[in-house]
1. For Leu59, are the conditions met, namely being closer than 21 Å to Thr333 by Cα and modelled with pLDDT of 95 or more?
2. If a residue must be buried (at least 16 other Cβ atoms within 10 Å of the Cβ), under 30 Å from Pro211 (Cα atoms) and of a type in the set (A, V, I, L, M), how many such residues does the stretch 284-320 contain?
3. Checking Gly151 against (1) in a helix (DSSP H, G or I); (2) crowded, with 17+ Cβ neighbours inside 10 Å; (3) not aromatic (Phe, Trp, Tyr): exactly one of these is not met. Which one?
4. Only one residue in Thr38, Thr27 is at pLDDT below 95 and buried (at least 17 other Cβ atoms within 10 Å of the Cβ), so which one is that?
5. Taking into account only those residues within the stretch 68-80 that are in a loop (DSSP other than H, G, I, E, B) and surrounded by fewer than 19 Cβ atoms within 10 Å (Cβ to Cβ), which is modelled with the lowest pLDDT?
6. Any residue at all in the stretch 162-171 that is surrounded by fewer than 13 Cβ atoms within 10 Å (Cβ to Cβ) and of a type outside the set (A, V, I, L, M, F, W, C)?
7. Check Arg235, Arg197 and return the single one that is among the charged types (D, E, K, R), over 30 Å from Pro120 (Cα atoms) and either at pLDDT 95 or above or touching a Gly at 6+ places or on another chain (Cβ under 9 Å) (or both).
Amino acid sequence: MRIVVIGAGVVGAAVAAGLTRRGAQVTVLEARTPGSGTTSTSLAWVNANDKTPKEYFDLNHAAVRAHHRLSGDWFFPTGNLECAVSDEHKERLEARVQRLTGMGYPVERITAARALTLEPDLVPPPPGTEYVFFPEEAHVHPLRLLGSLLGEARDAGAALACGAEVTAIETSSSGVTVTAADGRAFDGDVVVTCAGRWTQGVAALAGAEVPMLDPAVSGAITNGFLVTTTPVPARLSRVLHSDGLNLRPDGGGRLLLQSLPLDGRADPAVPVPGDVQDSILALMARVLRAVDGATVERAVVGRRAMPGDGLTVAGFADAERRVYTVATHSGVTLAPLLMGEVAGEVYGEESPLLAPFRPSRFADGTAGPAPAPARRPGQQ
C-alpha cells in the first residue's frame, strides 16, 4: 500500500514508522523542517494524569505503557512528583488521586522525607505540604524521539520531502494525489494528515471538517510559555509540579520551566516578555536549590495543537476511506501508541481505543464546547 503522510512532527513520524512496519510504501511531506511545529515546544511530559473523559484517559494510559515498551535514550521513566502547598491545590490533588486510584493508575502518597530522597535539591516546602508521586509517568526529549521514529521509517524505505507545503488533496476511486505549493505531486492509496495545529486547513483541502483552535485567536487555551535555563548544578531527575511552576531536566544541566498561571499573557506574535522570564526564574529559585546564577537560554511561546473540543481526532474523514486524519493535544504522549493503532486502522483493523475520537463528530460543522485553559498543577 502507498501512503502519503502529511506532517513530520512526532505524530507524523510515529505514524510513518508504524506504516513501514506493516510494509507500506510511505512518503512523508513536511512544509518546513521535521519537528519545527509543536513538537519542538512541548514540556514532553508523558502521562494520563488529568485526562478526561474516561475514554481519553484510557487512550493516554495505554500510550504511557506504549512508551515504556518502546523505550530508548530519549525516554526518562523517572515519574512525576507533585507538591501541594495551598489548600486549593491539596483539595484538587486529593480528588484527582482518588479518581486515578479508582481507575488503576499508579499513585503513591509519600512523605516529605521520601520527596527529598527523590529530589534532594528541593527547597523544603512548609509543614503540611502534601506530596504525591506518579511512578509510571515520564518525560522525553521530543526531538530525539522524533529522530528515532523518523529514522526508523527512513531506514525501512520511507521518503521524506521537506519544503512540501500541501495545497491540494484530490481523491478518486483509485487513490489520492497530494500536491505541494512548488508543483510536486505525490500519489498514494491513502493520505494520513498529521499536520498538528495546521490540521483544519489541510483537512479542508480534502473536504473534511476538523475544527482546530487557532493560536492567533484562542491564545488563552493554545499558547504557553516555555523557558530553558542555562546549565545549573541542581539535581533534578524527573517532572516536578509545584504551586505555580512545572519543571523537568532538559539535558546538559539545563532545566525546562513552565508556569501555567502566566500563560494567559502568551502571544505567539510577541517575544516572551522579560518580566515573565524573570518571574519564572524567581519561581524556580523557590522550588529548587543550587540554581543561583541561572539565566534564560531560550524562551518561547509554545502553540498547542488543540482540536476544537480539546479531544484527540483519529479516523477516516471520508466515506471512501482515502483520507485519514490525526490531530491531538497529547502528541508526545500518544505517539508510540498511534504508531501501531493508526497503521492498523489504515490496514482495516479498527482500534477500540480510537473509536471514540472519530472526525465524524464534527460533521455538523460545530466543535462542541472548547476546553478550559490549563492553569493548575497536573493540567496541560
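The values are calculated or read from the model by the stated rules, or taken from the named source; none is laboratory data. Because the structure is a prediction, the values reported are computed rather than measured. Cβ sites come from the backbone with ideal geometry, for glycine too, and all protein chains shown count toward neighbours. With ligands, DNA and RNA removed, areas are computed over all heavy atoms of the protein, side chains included. Shrake-Rupley method; radii C 1.70, N 1.55, O 1.52, S 1.80 Å.
1. Considered against the rule, which asks whether it is closer than 21 Å to Thr333 by Cα and modelled with pLDDT of 95 or more, Leu59 comes out as yes.
2. Final tally of qualifying residues: 9.
3. (2)
4. Thr38
5. Checking each candidate, the answer is Ser71.
6. no
7. Working: Arg235 fails: over 30 Å from Pro120 (Cα atoms).
Criteria check complete, one pass: Arg197.
So that you can scan it fast, the table gives a plain yes or no per residue for (1) at pLDDT 95 or above; (2) in contact with an Asp or Glu (Cβ under 9 Å, 6 or more places away or on another chain); (3) crowded, with 22+ Cβ neighbours inside 10 Å:
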| position | (1), (2), (3) |
| --- | --- |
| Arg322 | yes, yes, no |
| Thr328 | yes, no, yes |
| Thr333 | yes, no, yes |
| Leu337 | yes, no, yes |
| Val342 | yes, no, yes |
| Pro359 | yes, yes, yes |
| Pro369 | no, yes, no |
| Ala374 | no, yes, no |
| Pro377 | no, yes, yes |
